[in-house]
Amino acid sequence: MKKIFLVMYLFACSIVLFAQQGSSDTELVRAVLTNYIEGKINSDTARLSSAFHQKADYWYRDLKTGKMVIWPIADYVKGFTPGKKLNFTGKIISINIAGVAAQAKVDIIYPNSIYANYMNLLKIDGKWAITNKVLGEHEVRKKVLFITTSHEKLGNSGEKTGFHFGEVAQAYKPFYEAGYDIDFASPKGGKTYHYGADMNNETQVWFMQNIEATDKLFNAMKLSDINPKKYDAVYFAGGHGVMWDLANDPVSEMITRTIYENNGVVGAVCHGPAALTNVKLSNGQFLVQGKVLTSFTNNEEKSIKLHKVVPFLLQDELQKKGGIFKPLANWQANVQVDQRLVTGQNPASTGKLAEEMIRLLVDKTSGK
């Protein structure tokens with residue numbers, strides 16, 4: 001047991017150390033990639049050129065011949081008509097830095113296709129620059145929004161809280177492997193304290209080693225920057241922090257309502273359903289009203305002696321709002337599905353919950 005706690009402690013320390021040592025370089029690389037995206041969108045050739053080293057090149061596969069083409073960046077930039085705004089958006093997907101070298105992925109998103117730009121960067125004379133980019137294309141994938149708490153204070157206990165790491169990782173992997181594009185958002189954006197990491201869990205270790213996943217999680221978008229119409233589903237990970245901020249967040253409620261009323265799927269596990277307690281549909285009815293659901297139970301809260309710390313008991317609140325609550329024994333996996341609402345009782349329910357959400361999304365696509 002001591003070894004497990006030591007490993008978890010070292011993992012937490014490594015994240016803090018990375019944040020302290022790598023944040024400045026990460027922001028500098030982000031600035032370079034932003035110059036690339038904005039310069040490309042606006043055909044601002046000066047800004048676009050500033051993102052690249054003067055000897056950089058662009059590699060791609062010619063669709064007609066199937067052969068590799070290497071194009072000097074100077075020639076690539078000449079292909080833009082200065083000032084002509086182009087119809088796409090750009091998004092930084094991941095950044096991985098090792099000393100003075102970095103790799104990054106940027107998606108250039110058109111209405112019907114996405115171009116994946118894989119970048120190599122070097123820090124030369126104190127300045128980061130793209131030295132090489134490789135292009136790939138894939139179809140637009142369905143999008144799922146993961147929402148986590150930004151709240152880190154566990155009431156008046158003097159302890160910290162946040163989101164439950166396992167409830168993020170063990171939901172992320174099934175969606176990732178099913179081909180969904182996953183974004184992270186929270187009320188404040190950026191990093192939030194987390195707990196519940198299990199270094200003996202293969203899925204969680206996989207998530208920790210997935211650079212794209214961890215980069216998205218620890219650089220979460222702000223809820224206020226989210227366009228809910230882009231998403232086919234929303235998932236609320238648990239963690240006691242949800243009870244304080246997301247239980248009364250009008251932006252979160254708007255996002256949930258919009259996705260649900262656009263025929264999307266809503267999922268939440270453990271304390272995640274706290275984010276659903278005040279969601280009202282356009283007809284004025286609570287989302288949970290009349291629906292079979294579950295969450296972290298009163299008995300589970302009492303078993304960890306936090307029933308007098310949390311601002312309310314989640315089971316009671318869901319029942320007050322008209323939910324038909326279905327609990328199982330403490331810590332037993334329990335997932336309830338009612339229409340397009342999927343809820344789970346506790347961390348053990350996370351993987352099954354993700355599978356049920358995916359099933360509903362597949363059924364919707366196939367017309368079932």
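All of the numbers you see were taken from the coordinates with simple rules; none came from a lab. Every value quoted in this text rests on a predicted model; they were computed, and no experiment measured them. Here the Cβ positions follow ideal geometry from the backbone for every residue, glycine too, while neighbour counts run over all protein chains shown.
Under a 5 Å amide H cut-off, with hydrogens placed 1.01 Å from N, Val342 pairs with Val266, Gly267, Ala268 among residues at least 5 apart or on other chains.
For the pair Asn248 and Lys127, the difference between a 0.36 nm per residue extended length and the Cα-Cα distance amounts to 39.2 nm. Note: the stretch 63-123, Cα convex hull, 144 Å³ per residue.
Full extension of the chain between Gln332 and Lys280 yields a length gain of 15.8 nm, computed as 0.36 nm times the residue separation minus the alpha carbon distance. Paramagnetic label reach from Val134 (point 7 Å along Cα→Cβ; backbone nitrogen cut-off under 19 Å): within the stretch 61-83, residues 61-73. Take the Cβ atoms of Asn87 and Ser50, set R0 to 25 Å, and the FRET efficiency comes out at 0.65. Label 7 Å along Cα→Cβ of Tyr60; the stretch 128-162 residues with amide nitrogen under 13 Å? What the label zone holds, given the 13 Å backbone N cut-off, is 133-138.
Which value at 222 nm does the chain reach when only helices count, each DSSP H run of 4 or more adding -39,500 (n - 2.57), with the total divided by all residues and rounded to the nearest 500 deg cm²/dmol? Display every interim value, and only then the final one.
Details: 10 runs with 123 residues, N = 368.
The per-residue figure over the chain is -10500 deg cm²/dmol.
Of the trypsin sites (Lys or Arg not before Pro) found in the stretch 47-154, the ones in coil according to DSSP and having at most 15 other Cβ atoms within 10 Å of their Cβ are Lys64, Lys67, Lys84, Lys85, Arg141.
Counted over the chain with a bin width of 10 Å, the fraction of Cα pairs per bin, in whole percents, is 5, 22, 29, 22, 14, 6, 1. Of the trypsin sites (Lys or Arg not before Pro) in the stretch 225-325, the ones in a loop by DSSP (not H, G, I, E or B) with at most 10 other beta carbons within 10 Å are Lys305. Taking each residue as 0.36 nm, the span from Glu159 to Asn299 lengthens on full extension beyond its C-alpha to C-alpha distance by 48.3 nm. As a rough footprinting exposure proxy, the listed residues Lys173, Lys326 were ranked by other beta carbons within 10 Å of their own, and the order from fewest upward is Lys326, Lys173.
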